[in-house]
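The values are calculated or read from the model by the stated rules, or taken from the named source; none is laboratory data. Since the model is a prediction, treat every value here as computed from it, not as a measurement. With ideal geometry, Cβ positions are generated from the backbone for all residues, glycine too; neighbour counts draw on all protein chains shown. Quick note on the areas: whole protein, heavy atoms, side chains included, nothing else; ligands and nucleic acids left out. Shrake-Rupley method; radii C 1.70, N 1.55, O 1.52, S 1.80 Å.
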Amino acid sequence: MTTTALPASRFALARQVADAVLFEGYVLYPYRASAAKNRLRWQFGVLVPPAWGPAHGEHSFQRTEVVMEPRGAATLAVELRFLHAQRRTVEEARADGSFAAVPELHLPDRVLVPWDEGTEERVEMTVPVAELEEGEVCLPFVRPAREETEPVLGADGREVGRLVRRTERADGVLRLRAEQLDVPYRAFKLTVVVENASDWTPGADTAGGAGATGRADVAGGADATGGAERDAALPRSLVAAHLLLGLSAGSFLSMTDPPEWAKASVAACANRHTWPVLAGEPGSSDVVLSSPIILEDHPGIAPESIGAMYDATEIDEILALRTAALTDQEKREARGTDPRAAAVIDLAETMPPEVLERLHGAVRALREITDPGAATPDSFAELFDEDAVFKPDTPWWDPAHADPADPARDRILIDGTSVGPGSRVILRPGLRRTDAQDLFLQGAAARVEAVLHDVDGGVHLAVTVEGDPGADIRREQGRFLYFQPDEVAPLEGA
């Protein structure tokens, strides 16, 4: 066993998604420590000290099991990534040269407050598969306690305070083994366990400064919910823990779409507090990302996304608009909360209109159907590079994009009447529809804008409601209401 990882290029694409996993929910809109949403952070993939977790419904380990088919003298590369919470307190300089802890320190461009930051940690190793066949391989690791100070300078260059960052010791262990499967091919069940090995116990010390929620008011003593104890446990935890696994030769099997011969073996894999998927280039199978967040095989970052927003699956467009609407005082607080929060504020303030428009949404599957030849950029080299902004020549919803050689598809028969673009219909939503808003459209007159056919042979009518003051905008943007043929009736004389 060595601690040398495979070439960085092997994990490069998968690491883009892994970065999103690492910082999922790191700091939530409105990105201020005082915000109610930030009173409970570190929610994904938190491996807490064993003495604290079971009594509070949190876990101290993750277990990943996948089926792999190594070839020859293959080696397995393992990369464990997690955040190590460090507690940041704010101290103000006194006239006598001493420093005193304060709940906030006001500067011209920001307001500094106590906060828990997360530093990225990696544990890397490479081990021959043959060694895993012989028995379990263990790799203990330690991240030592440390304390650092950062001076805070005022507008005149004088030291007006300092930030003190305290990091507690974090202990863990990686356990790996490979078990030969009773199948017609050379295949193994790979098991990788990540454990928090800390011997810390609740009450062994007292949390100081701000809690892991960024609050200074919960640090002393436990409350009814155990919040202060969690604050003390988190600096010894492995936060947002996830794994990248790579084979130098061979492949992993999909956990959701394995070949027929391996379905029983895949079903027997027991994954605990994590979920492995194939990662890397679409179609490849030599890299696995095992994440505390459920993903599909070959996940990727949307090309429309321009940067991390950190807010736990929220929509980038909404976050950008709401962030831009913060007051100057709120932006000062956000900038003083965390460098990543400050970066989000700067991102929202400098976003060109065309980039914001790109965030409005994309339907890649339909674009592929309606215009298979259209090129979609894989990535955007420069954040605000005008050439990198996605601007499809024709939106997927444009009825003119239909195949002109098959005009019959533009119209369908409903109750013996030909219905197509421009036809007027009465809306009669069926009972199977789950959108309660449709009930308000019962009996409303509407105009058919397009007849759409999906890949399963289904037919959908895109309509605008007559009398809707926003109908022109809906037509321009292609944001229609959709009904199936049995949910409308032709309007006589239309």
Quiz item: Out of the range 24-55, which residues are in contact with a strand residue (DSSP E or B) (Cβ under 8 Å, 6 or more places away or on another chain), open to solvent by 20 Å² or more (accessible area, probe 1.4 Å) and farther than 18 Å from A170 by Cβ?
Solution: E24
Practice problem: Would you mind stating whether E131 is at pLDDT 95 or above and either more than 30 Å from G45 (Cα to Cα) or part of a strand (DSSP E or B) (or both)? | Solution: no
Exercise. Give the number of residues within the range 111-148 that are under 30 Å from F99 (Cα atoms), in contact (Cβ under 8 Å) with a residue 40 or more places away in the chain and open to solvent by 20 Å² or more (accessible area, probe 1.4 Å).
Key: 4
Quiz prompt | Tabulated pairs, the range 154-168, first touching a residue at least 12 places away in the same chain (Cβ under 8 Å), second polar (S, T, N, Q) and open to solvent by less than 20 Å² (accessible area, probe 1.4 Å), C-beta under 7 angstrom, 6+ apart or interchain | solution = V164/T89; R165/Q86; R166/Q86; T167/Q86
Quiz item: Any residue in the range 85-98 that is part of a loop (DSSP other than H, G, I, E, B), open to solvent by less than 60 Å² (accessible area, probe 1.4 Å) and in contact with a Gly (Cβ under 6 Å, 6 or more places away or on another chain)?
Solution: no
Quiz item: Would you pick out the residues in the range 6-60 that are of a type in the set (K, R), in contact with a Phe, Trp or Tyr (Cβ under 9 Å, 6 or more places away or on another chain) and assigned to a loop (DSSP other than H, G, I, E, B)?
Solution: R41
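Among the residues of the range 174-191, how many are closer than 30 Å to P50 by Cα and open to solvent by 10 Å² or more (accessible area, probe 1.4 Å)?
Pass one, the range 174-191, residues closer than 30 Å to P50 by Cα: 174-179, 188-191.
Adding the requirement that they be open to solvent by 10 Å² or more (accessible area, probe 1.4 Å) leaves 175, 177-179, 189.
Going through the range 174-191 one residue at a time, the tally reaches 5.
Can you name every residue in the range 168-200 that is β-branched (V, I, T) and at pLDDT 95 or above? If you could, list the steps in order and put the result at the bottom.
Step one: filter the range 168-200 for residues β-branched (V, I, T), giving 173, 183, 191-194.
V173, T191, V192, V193, V194 - these are the residues of the range 168-200 that are β-branched (V, I, T) and at pLDDT 95 or above.
Hey, could you check the range 56-69 for residues that are of a type in the set (D, E, K, R) and touching a strand residue (DSSP E or B) at 6+ places or on another chain (Cβ under 7 Å) and say which is least open to solvent (accessible area, probe 1.4 Å)?
E65
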Quiz item: Is there a residue in the range 204-212 that is closer than 29 Å to A101 by Cα, buried (at least 21 other Cβ atoms within 10 Å of the Cβ), over 19 Å from the mean Cα position of the chain (by Cα) and at pLDDT 95 or above?
Solution: no
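Could you pull out every one of the strands (runs of 3 or more DSSP E) wholly within the range 246-350 that has 2 or more residues that are surrounded by 18 or more Cβ atoms within 10 Å (Cβ to Cβ) and either small (G, A, S) or more than 21 Å from the chain's Cα centre (by Cα) (or both)?
Values: elements: 250-252, 275-278, 287-291.
Where strands (runs of 3 or more DSSP E) fall fully within the range 246-350 and carry at least 2 residues being surrounded by 18 or more Cβ atoms within 10 Å (Cβ to Cβ) and either small (G, A, S) or more than 21 Å from the chain's Cα centre (by Cα) (or both), they are 250-252, 287-291.
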Quiz item: Going by the conditions given, is P151 loosely packed, with under 14 Cβ neighbours inside 10 Å and in a strand (DSSP E or B)?
Solution: yes
